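The next block holds one structure in the form of structure tokens; read it before the comments.
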There are 2 protein chains.
Amino acid sequence: MRLTTEQRFWNLLKEQSSYEEAIGLMAWDMRTKAPQKGMENRSEVLGVLAQKVHEIQTSEELKSYIDQLKKSSHDNVLTAALSEVEETYKRTTKIPTALYREFVTLQSKSEFVWAEAKQNNDFKSFQPYLEELVRYNRQFAEYWGYDEHIYDALLHNYEPGLTVSQLDQVFPKVRRSLTHLLEEIKKAPGQPDPSVLKGHFPKELQKQFSEEILKKMGYDFQAGRLDETIHPFAIGLNINDVRVTTKYDEKDFRTAVFGTIHEGGHALYEQNIDSKLAFTPLATGTSMGIHESQSLFWENFISRSRSFWETHYPLFLKHAPDRFRQVALDDFFRAINEVKPSFIRIEADELTYPLHIMIRYELEKALIQGEIEVRHLPELWNEKMEQYLGIVPPTDSEGVLQDIHWSGGDFGYFPSYALGYMYAAQIEHAMKQHINIDQAIRAGDYYQIKQWLSTNIHQYGKMKKPLDILKDVTGEGLNPEYLISYLTTKYKGIYQF
Amino acid sequence: MRLTTEQRFWNLLKEQSSYEEAIGLMAWDMRTKAPQKGMENRSEVLGVLAQKVHEIQTSEELKSYIDQLKKSSHDNVLTAALSEVEETYKRTTKIPTALYREFVTLQSKSEFVWAEAKQNNDFKSFQPYLEELVRYNRQFAEYWGYDEHIYDALLHNYEPGLTVSQLDQVFPKVRRSLTHLLEEIKKAPGQPDPSVLKGHFPKELQKQFSEEILKKMGYDFQAGRLDETIHPFAIGLNINDVRVTTKYDEKDFRTAVFGTIHEGGHALYEQNIDSKLAFTPLATGTSMGIHESQSLFWENFISRSRSFWETHYPLFLKHAPDRFRQVALDDFFRAINEVKPSFIRIEADELTYPLHIMIRYELEKALIQGEIEVRHLPELWNEKMEQYLGIVPPTDSEGVLQDIHWSGGDFGYFPSYALGYMYAAQIEHAMKQHINIDQAIRAGDYYQIKQWLSTNIHQYGKMKKPLDILKDVTGEGLNPEYLISYLTTKYKGIYQF
């Protein structure tokens, strides 16, 4: 029986998707379970499989299917898949193979050098690698092309549709509001007492509570699992196998509890993609920013809300060590929402977090535009920290060296974190027009909320572009006012100013 | 830079080996961790990857490398690899693709039907599938070819070099000795009291003891891990990532303890293959029988010995529930070596175990030779159980339906279990000429034993054929006398006859 061109097209994508599931499982395994000594062999296997994906993505075979099918496609899944793989084909084939290979080699070396440099607080040793990584990214951006800013070409990898000119309108507005709020908070009368959260909290108990909350959110444990790791992540191996990982700090339960809920938000997205997209490149979140909107929606808007703790504090206390029974709900709630400028992005509170992102965005944009030089980064980093957060990291390890992204050559990624936060605020506002969120939280019943997100966002996978999702859900484009308003109201309440 | 033919050959094998590592990890994951709902998608991915392996194994590209390289190879690894892949190429391409595809489809259906049939004690529903599976195997055997017996062609898949004429010399001898021993044991004065082993044994404690014994054996936890599963297995993903799984029965610690040691024996084999064989099809055990000799050596010859328990009983008691402290070492040792005919192969003691294998061997050989018919299997099974073990299973679920092998179309596999046992006895005898095994066990120091096995067996992977290993290690071919002598001496001591 002869296969049609369309069947051949889907079979090729299924082959690619099979390699990707294998790569995903290997990545999960390496970060949760795999024995140390097997890593070297495993890395080579990953290299072989990644090469197979790359071969398919850039193959003449794929190109010929695209050319044959796109003229006549009337099916919306087929049309979207063709558009998605054609875009990848074009962008990937624009980069000369030899150049890309050099970059991949540089990447893995750089990550290693960065890890050492971070450990030894030695920016100088990482500097030449970072200079090279910037140089490659500038070259790639030129190959890919852009209308206005060179940085737009990189941003496109993570948040297609967004541009520097949009970010430069929005980010300064947010920054001004947040730094102003931060000033108010510093001198406000209602300072929380974070010491009420201290105390040993056994891992097993944190795990039980985390699992219960994941279940309440609607995370399907028959289509996923929760494991321990060092740097938490969620990963969709397929729509029915979406795994969450978390980290247990027995001295601070917040790492696991809010971390699990955050990753759970990512996982709900991947678990609720329409199954008709299985084995296609559309079966994943549409962008980093929209993905982050889902994790931050659950982490901040749900699980850091007063209603959430009014409802679930008894459940928390059931799993918490005895001493927490002495802590009044109000003190607990205010303590978990303490705002305090700190050095490390991933440990930042929800108010200062976007400021950390803006520092990175401004610096990497300037690097890519050639306005600043890598060797000046530590100094510039510290200046911006002083300016936006009022503190200066004592070492580069706690400053410019803290994040892995640049060492992997990822420029244009950071804005997604802040965009996701703004999207989340916009989405929450839109959801409120249809659902009484507060009432749902108080009932401890998140079904309606989960369904609304699935219907309006999750099910589409990559069928819709990020700004189309935003427009369809909220009726407007990127608008930072919702985030500013949410943070202002919330923290005026907590800090009483 | 142009690659040489040899480099291209190794690269192709590396690609195959990468798929195999991915398949291995997926199989491990499905049997230990993977969420239920993801299985369907995962099975499809496994199908795609298995197809890629099959494509390489039967590719014209591979064939041309073999033809070019085999004339001039002077390197023993290259020569062995060429011979191995050529053999696979020849056997695989002898089967018409369409026929093989039909068989693969039948296999997966049959496993499902068998599982249902076993659950419902309904052999009739499985019968037509088994008839088909036998028919395909007979066809395959004809395509592969054989000198004497059609069954030899199947045996070759698991134990290359062994033939029906050898087995038919050896097995009846073993059977007669064992049935005779069994008669003696039944009427012997020294009957053990297995009730001393009863009692709740928490999983966590079993796990701790199992881990300690694995470490003592020399199993490298930095190149492996121990997980829980339903049907225990060991699997080598690569030489530095060899995983053991076990099953904890809180009512019977023997399942986990002896099971873990058994799988640990398999794992030591895979962990100690020469690293120069990495990414080639030589980087695994040379045959099912030699593999089984390694697991059974550790399980029976080491961990069911008196010296082992004289040495490790204190360690066991450290992890055992309090009540075991009342059990005298001698009573304990005799109880764990109780001989008692039973229905289920995998629960059989070390003396009756080979009799279970012979029943299967005789029946499957007769099936393949067309001497008996599938529909008579339950009756014939029960007759042989009565004859060899003196008991008749009350249901087919506990009889002819108990094992998964035939449902997967695996004929010719069962003899390996008995062969492995005989090999192990021969190997132990040979080892004794160089090492004071008893002294080593009493010192609780297995380093010398592990090293001897690695040097003489493990390191070679598939570089040597099973009978060459046996000859080089023991100086002779398959000889059942060592097993008979070991069992006779041991059980005369325990049962005092």
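Can you give me the number of residues within region A:219-241 that are within 25 Å of A:PHE308 (Cα to Cα) and surrounded by 23 or more Cβ atoms within 10 Å (Cβ to Cβ)?
Qualifying residue count for the region: 3.
Residues being more than 7 Å from chain B (Cβ to nearest Cβ), touching a residue at least 40 places away in the same chain (Cβ under 8 Å), touching a Phe, Trp or Tyr at 6+ places or on another chain (Cβ under 9 Å) and not hydrophobic (A, V, I, L, M, F, W, C): count how many of those fall in region A:1-58.
7
For region B:37-53, does any single residue satisfy the condition of being crowded, with 19+ Cβ neighbours inside 10 Å, modelled with pLDDT of 95 or more and under 23 Å from B:GLN459 (Cα atoms)?
The answer is no; no qualifying residue exists.
Of everything in region B:343-377, what is surrounded by fewer than 17 Cβ atoms within 10 Å (Cβ to Cβ) and under 13 Å from B:GLN402 (Cα atoms)? Give them in sequence order.
Within region B:343-377, B:ILE344, B:ILE346, B:GLU347 qualify.
With the checklist (1) buried (at least 17 other Cβ atoms within 10 Å of the Cβ); (2) in a loop (DSSP other than H, G, I, E, B) in hand, flag the one item B:LEU62 doesn't pass.
Condition not satisfied by B:LEU62: (2).
What number of residues within region B:65-107 are free of Cβ contacts under 8 Å to residues at least 40 places away in the same chain, of a type in the set (Ser, Thr, Tyr) and either surrounded by 13 or more Cβ atoms within 10 Å (Cβ to Cβ) or outside any helix (DSSP H, G or I) (or both)?
Within region B:65-107, residues that are free of Cβ contacts under 8 Å to residues at least 40 places away in the same chain, of a type in the set (Ser, Thr, Tyr) and either surrounded by 13 or more Cβ atoms within 10 Å (Cβ to Cβ) or outside any helix (DSSP H, G or I) (or both) number 8.
Does B:ASN300 satisfy being surrounded by 24 or more Cβ atoms within 10 Å (Cβ to Cβ) and within 12 Å of another protein chain (Cβ to nearest Cβ)?
No: the conditions fail for B:ASN300.
For A:GLU116, indicate whether it is closer than 16 Å to A:GLY370 by Cβ and either touching a strand residue (DSSP E or B) at 6+ places or on another chain (Cβ under 9 Å) or not assigned by TED's automatic domain parsing to the domain that holds A:GLY409 (or both).
Here the answer is no, as A:GLU116 does not meet what is asked.
Those residues that are buried (at least 19 other Cβ atoms within 10 Å of the Cβ) and not aromatic (Phe, Trp, Tyr), I need them from region A:466-489; list them, please.
A:PRO466, A:LEU467, A:ILE469, A:LEU470, A:VAL473, A:THR474, A:LEU478, A:PRO480, A:LEU483, A:ILE484, A:LEU487
Please go through region A:212-231 and give me each residue that is in contact with a Phe, Trp or Tyr (Cβ under 8 Å, 6 or more places away or on another chain) and over 30 Å from A:ALA115 (Cα atoms), ordered by number.
Scanning region A:212-231 gives A:LEU214, A:LYS215, A:LYS216, A:MET217, A:GLY218.
For region B:301-331, what are the residues that are of a type in the set (Ser, Thr, Tyr) and in a loop (DSSP other than H, G, I, E, B)?
Selection gives B:SER303, B:SER305.
Would you kindly identify the strands (runs of 3 or more DSSP E) lying entirely within region B:194-300 that contain at least 3 residues that are under 17 Å from the mean Cα position of the chain (by Cα)?
Counting at least 3 such residues, we get B:234-238, B:241-246.
Has region A:355-376 got at least one residue that is in a loop (DSSP other than H, G, I, E, B), among the charged types (D, E, K, R) and on the phi < 0 side of the Ramachandran plot?
Looking through region A:355-376, at least one residue is in a loop (DSSP other than H, G, I, E, B), among the charged types (D, E, K, R) and on the phi < 0 side of the Ramachandran plot.
Any idea how many residues of region A:152-193 are surrounded by 19 or more Cβ atoms within 10 Å (Cβ to Cβ) and assigned to a loop (DSSP other than H, G, I, E, B)?
Result for region A:152-193: 3.
Filter region A:453-489 for residues that are in contact (Cβ under 8 Å) with a residue 60 or more places away in the chain and of a type in the set (Lys, Arg) and give the result.
Hits for region A:453-489 are A:LYS462, A:LYS464, A:LYS465.
In region B:258-279, which residue that is buried (at least 22 other Cβ atoms within 10 Å of the Cβ) and hydrophobic (A, V, I, L, M, F, W, C) is nearest to B:TRP28 (Cα to Cα)?
B:ALA267
The values are calculated or read from the model by the stated rules, or taken from the named source; none is laboratory data. In this text, all values refer to a predicted model and were calculated from it rather than measured experimentally. Cβ: placed from backbone, ideal geometry, glycine included. Neighbour counts: every protein chain shown.
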